[in-house]
Amino acid sequence: MKPSPFEYHAPESVAEVVGLLAEHGDEAKPLAGGQSLVPMMSLRLAAYPHLVDLRRVESLRTIERVDGHVRVGAMVRQAVAETDELVADVPLLARAIPHIGHFQIRNRGTVGGSIAHADPASELPAVALALDAEMEVSGPGGNRRVPAAEFFESTWQTSLGEGEVLTAVDFPLWDAGAGFAVEEVARRHGDFALVGAVVGVRLNDDHVMDAAIAMFGVGTTPVRSAAGEAALVAGGIDADLREVGRAAAAHLEPTDDVHASAAYRRQVAPTVVARALARALEEARS
């Protein structure tokens, strides 16, 4: 199938992007890598009379280290971020990217596009949530910052307002003594995860000082588990990770779909979390 007719815009600055989005309102949609949007439009699952292509906006393609964060521009290609030296300082992000589709997808897909698309089975929104990343958003009222915990609202829905566009994501840097892991279950490598977890832990001697657990593919948004994090901190390096996994997944409300049942997701999630934590703890100890 082919998409319904649309007018194509190719602005060269964020100000032009915001102006076009504000002018056309709900009829306009930003186009980043297009790896999700274009298929949806081709299948007539979505229709937008105006597409605002972001690829000519140079300021959205930068990666820099700023005040204890690595700031990744919204239009940084996933393949570029995957091997970037600064992104390597955010191990959870660097390790999650290879799980996204295949290299052809990552050559076109962007970090900001994946996060703004807010697919609940996608890795990067969960990474942003686990690391307490902050979104830089530009709109008619100027720039604002949105914590990841407030950004994802439902499937494909975020807190972006009319005329607003995601311009960059700030990923905090963790101190030494940290370990990270990404674990997921999918039908084939590159498919969307049926159940996935991204985790980080920071040790001081034999004490777990910090823990971050976020799951994806298990709800309408990525899910951060304060209960699982508290269980790991309380149990320390000798915690029963199966129990921690069960605590993390206890309040999940997954749904049935053509790929997996809600019951399957509830059953598998604790094991996926436990496996990820085991790898992260091993790295932190080393």
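Backbone amide hydrogens, once placed in the peptide plane, bring Glu153 within less than 5 Å of Thr158, Ser159, excluding anything fewer than 5 places away on its chain.
Relative contact order for the chain: what is it in percent, counting Cα pairs under 8 Å that are at least 6 residues apart?
Values: 675 pairs, mean separation 45.3, N = 286.
Averaging sequence separation for qualifying contacts and normalising by length gives 16 percent for the chain.
Helix 226-235 and the long axis of the chain differ in direction by around 30°, with both axes built from C-alpha atoms.
So how tilted is helix 262-285 from the main axis of the chain? Cα-based, degrees 0 to 90, rounded to 10. Long axis of 262-285 versus the principal axis of the chain: about 70 degrees.
Axis of helix 14-24 versus longest Cα principal axis of the chain: the two differ by about 70°, to the nearest ten degrees.
The candidate values were (1) 14.4; (2) 23.3; (3) 16.4; the one computed from these coordinates for mean projected area of the Cα convex hull in nm² carries the label (1). Around the amide H of Thr167, modelled in the peptide plane, lie the amide H atoms of Glu136, Val137, Ser138, all under 5 Å away and 5 or more residues distant in sequence or on another chain.
We did not get these values from a lab; they are worked out from the coordinates using the rules stated. In this text the structure is predicted, and so the values were computed from the model without any measurement.
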